[in-house]
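Okay, so here's the structure we're looking at.
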Amino acid sequence: MVLAPHPNPDAPVLSHFKLDGKTALVTGGCRGIGLEVARGLCEAGAKVAITYSSTPPQEANEIAASISAANGGRLVKAYKCNVRSQADVESVVNAVVAEVGDGRLDILVANAGIAENIPALEYPEDNFRSMFDVNVNGAFWTAQAAARVFERQYKAAEGEPHRASIIFTASVSATLVNIPQKQAAYNASKAALVHLGKSLAVEWVDFARVNNVSPGFIITEMLDVHPYEWRSQWNEMVPGRRFCYPSELKGAYVFLASDASSYMTGADLIIDGGYTLP
Ligand SMILES: NC(=O)c1ccc[n+]([C@@H]2O[C@H](COP(=O)([O-])OP(=O)(O)OC[C@H]3O[C@@H](n4cnc5c(N)ncnc54)[C@H](OP(=O)(O)O)[C@@H]3O)[C@@H](O)[C@H]2O)c1
């Protein structure tokens, strides 16, 4: 087979971004980047499942309800999911397909991630393994469970083009080494994730496109783990001289999730105010 072609490339361009009738799953969708991605996908027309891990269930349900209410009551549902567990991820993906997608899934955003600062010489084994368990293994379990659904849908369609999209939230840390923070494990995990995305883009080309988004400094709780004084140093290193609000990323995810990016697979979309350029 070939990469699924755009169903109607000559249609007016804004129609290329529409996600009406699609079902999306966003891991880590109750705060930060994932929350804004979920909002963007829903605003573009998709039904959305969001996952949470440490967020209290009632808060997660309220977040889902508020996105739904802002989008005409379109179905948005929250699921507890620890991406470290392949079994947990598989069962959540299957529940989303049954309960949100009426038997289907179209878009998977593997966004859940953790960061920490530990000098490499002192890195404890458990912490190093834990970083990869969430940022690499967790993203893989999620993509794998979704891809099993996508392949099934593709086979059932008997040769018809299958348009599914997998998006990994990677990082500029896959490309550069941040300073002054010491985060070799985080950087290596994101570099591994980018190459995982490229590899899966080739392997799963029949039934899904796979792309990475690599953000620079985004104003979320993840930045709060670092000393506040470092912010002015980082700001000097970014040609754009400011950090990014998570909602400024949602357009890029809608682009990658939709037919607007129908010929794009295996890409690493760097969104960083120019941080990686100098
Ligand atoms: N902020 C930045 O500057 C920046 C830059 C580049 C890349 N990124 C990447 O963007 C992604 C989102 O981060 P963020 O900035 O939005 O940070 P965040 O606010 O700290 O969000 C992290 C998300 O990951 C979820 N999560 C953590 N461990 C999990 C686990 N074991 N299982 C399932 N979910 C888990 C959290 O869910 P709960 O809250 O429910 O625990 C939360 O939704 C991450 O992959 C991060 O590496 C961030």
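Among the GluC sites (Glu not before Pro) within region 166-261, those in coil by DSSP and having at most 10 neighbouring Cβ atoms inside 10 Å are E221, E229. Averaging Cα coordinates gives a centre for region 160-202 and one for region 19-66; these two points are 21 Å apart.
A run of the chain free of exposed loop cleavage sites, with chymotrypsin sites (Phe, Trp or Tyr not before Pro) counted only in DSSP states other than H, G, I, E and B and at most 15 other beta carbons within 10 Å, reaches its longest extent at 1-227. Contact order, relative form, for the chain: 22 percent (alpha carbon pairs under 8 Å, 6 or more residues apart, mean separation divided by residue count). Computed from label points 7 Å out along Cα-Cβ, the spacing between Y123 and M264 is 3.1 nm. Seen from every direction in turn and averaged, the convex hull around the alpha carbons of the chain projects onto 14.9 nm². The relative contact order of region 52-100, computed from alpha carbon pairs under 8 Å that lie at least 6 residues apart in sequence, is 33 percent.
If exposed trypsin sites (Lys or Arg not before Pro) are those in a DSSP loop with at most 12 other Cβ within 10 Å, what is the longest stretch of the chain that has none?
The longest uninterrupted stretch comes out as 1-240.
Here the simple spin-label model places points 7 Å from the Cα toward Cβ, and for V13 and E158 these points are separated by 3.9 nm.
Take L193, L223 and order them by how many other Cβ atoms sit within 10 Å, fewest up front. Kindly include the intermediate steps, with their values, before the conclusion.
Details: L193 27, L223 16.
Exposure proxy ranking, most exposed first: L223, L193.
Taking the Cβ-Cβ separation of A98 and H6 as r and a Förster radius of 30 Å, what is the calculated FRET efficiency to the nearest 0.05? The calculated FRET efficiency here is 0.55.
Since every read-out is calculated from the coordinates, none of them should be taken as a lab result. Please read these numbers as outputs of a predicted model, since none were measured by experiment. Here Cβ is always computed from backbone atoms with ideal geometry, including for glycine, and neighbour counts include all displayed protein chains.
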